[in-house]
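Structure, as structure tokens:
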Amino acid sequence: MLKGKTALVTGSTSGIGQGIAERLAAEGCNIVLNGFGDADEIETLRQGIADANGVEVAYSAADMSKPDEIRDMIREAEGRFGAIDILVNNAGIQHVAPVDEFPPEKWEQIIAINLSHVFYTTHHALPKMRERGWGRIINIASAHGLVASAGKAGYVAAKHGVIGLTKTTALDTAGTGITCNAICPGWVKTPLVVKQIEAKARDKGIAIEQAERELLAEKQPALEFVTPEQLGAYAAFLCSDAARTVTGAQVQIDGGWTAQ
Ligand code: NAD
């Protein structure tokens, strides 16, 4: 149980981040949600997680591509809860195009959101973790942090960077009660991937179900999607005392993708 701890999960208004936030709330954590979306839907999500688990749930609309907003988000969360004990860096976007056609503004945006935000949240949240002598930093990287796919220059570069940053943060905090690890999911059927499935179905003139099967068959030998619940369960394990010596790791939860 993580009762009384506070977890900030970036990009938690959808998909994997939401799954992790819900699981950490079920473990007793107060939660800071972050991400974009419809204001009423976000409020329903916020209230629902609070009511279901008897924890406090705050929401920050900070844009993870903006360092000043990230700093303010961390300060506000610390002001309300005292410290961020568990930091889950999850916000991320995708864009697919060959490297020579990759729009430079997309490159900049992906590096800012998928990589630099992980530096800024960590940079601002660590001092309070150090004061308390306990902390968990969980970076949601990807199978694309370990291997590449065509057309994903920005995403693959950023996710490889996240794994390097994870290792360095683990070394900088070793022996302090703080751990830093990266989770590397394979395909998870979230809005980020549904867009890619729809694009495949459109480009090939095939049904959505067939596009899903082909997407899995290309990369993920288990032929089933990883779920946000499974990732939430792993994040909860990394926060447990049993995982106190797990640091600097990159854990594949990818249906065999990177075993090939
Ligand atoms: P998603 O699109 O469902 O969720 C992304 C979340 O990030 C949303 O809450 C969105 O509002 C938020 N977000 C986007 N830009 C933001 C910004 N500038 N500031 C603040 N929040 C922002 O996607 P997902 O699949 O749940 O992805 C979550 C993370 O998991 C990403 O880092 C992604 O790269 C990674 N990942 C996803 C998969 C997959 O198959 N879905 C696989 C491996 C890794």
Close pairs from the range 221-248: first at pLDDT 95 or above, partner in a loop (DSSP other than H, G, I, E, B), Cβ under 6 Å, at least 6 apart: Pro221/Gly256; Ala222/Gly255; Ala222/Gly256; Phe225/Trp187; Phe225/Lys189; Val226/Gly186; Ala236/Glu27; Cys239/Leu2
Matching residues, the range 57-96, being of a type in the set (S, T, N, Q) and open to solvent by less than 30 Å² (accessible area, probe 1.4 Å): Ser60, Asn89, Asn90
Residue list for the range 141-169, restricted to those being out of contact with any Pro (no Cβ under 7 Å at 6 or more places or on another chain) and outside any helix (DSSP H, G or I): Ala141, Leu146, Val147, Ala148, Ser149, Ala150, Lys152
Unique match (being basic (Lys, Arg), open to solvent by 10 Å² or more (accessible area, probe 1.4 Å) and closer than 20 Å to Thr247 by Cα) among Lys106, Lys128: Lys128
Ala50 in contact with a Pro (Cβ under 9 Å, 6 or more places away or on another chain) and aliphatic (A, V, I, L, M): no
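The values are calculated or read from the model by the stated rules, or taken from the named source; none is laboratory data. Source: prediction; values computed, not measured. All Cβ positions, glycine included, derive from the backbone under ideal geometry; neighbour counts span all protein chains shown. Heavy atoms of the whole protein, side chains included, go into the accessibility calculation; ligands, DNA and RNA do not. Shrake-Rupley method; radii C 1.70, N 1.55, O 1.52, S 1.80 Å.
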